[in-house]
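What follows draws every value from the coordinates through simple rules; no lab data is involved. What you see is a predicted model; the values in this text were computed from it and never measured. FYI the Cβ positions are ideal-geometry reconstructions off the backbone, even for glycines, and counts take in every protein chain you see.
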Amino acid sequence: MFPPSADEVRRALLEACGDGLAAVGLTPETAGDDLDLREAGIVDSLGFVELVVTLEERLGIELDLDRLDPERLTVVGALVELGARAATPDGVRAAS
């Protein structure tokens, strides 16, 4: 269903980070919205690109990373919010 809910985006995001979360002693249930995936060592720059592609493919959306403050680019809550407001590949925007 489009647009994906914040819960759907969060689930897809944290599932995609599963191994990285486990490596730092976290689970999807314990990963908070303030978790910075890069600072925690869960993703590096290439891993972040792969994560974005995975989310876009799984959810059928396009993430407009320009809409995020660069300081919050890899923060779970910011990515979830962005995903829930994303556009489909044909440019149809989710309701804000």
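Here are a few things to note about the model shown:
- Val24 being among the aliphatic types (A, V, I, L, M), over 13 Å from Glu81 (Cα atoms) and touching a Ser or Thr at 6+ places or on another chain (Cβ under 7 Å): no
- Selected residue (criterion: farthest from the chain's Cα centre (by Cα)) from residues of the stretch 11-27 that are of a type outside the set (A, V, I, L, M, F, W, C) and surrounded by fewer than 15 Cβ atoms within 10 Å (Cβ to Cβ): Gly25
- For the stretch 28-51, the candidate set comprises residues that are of a type in the set (A, V, I, L, M, F, W, C) and surrounded by fewer than 17 Cβ atoms within 10 Å (Cβ to Cβ); within that set, the residue that is nearest to Ala86 (Cα to Cα) is Val49.
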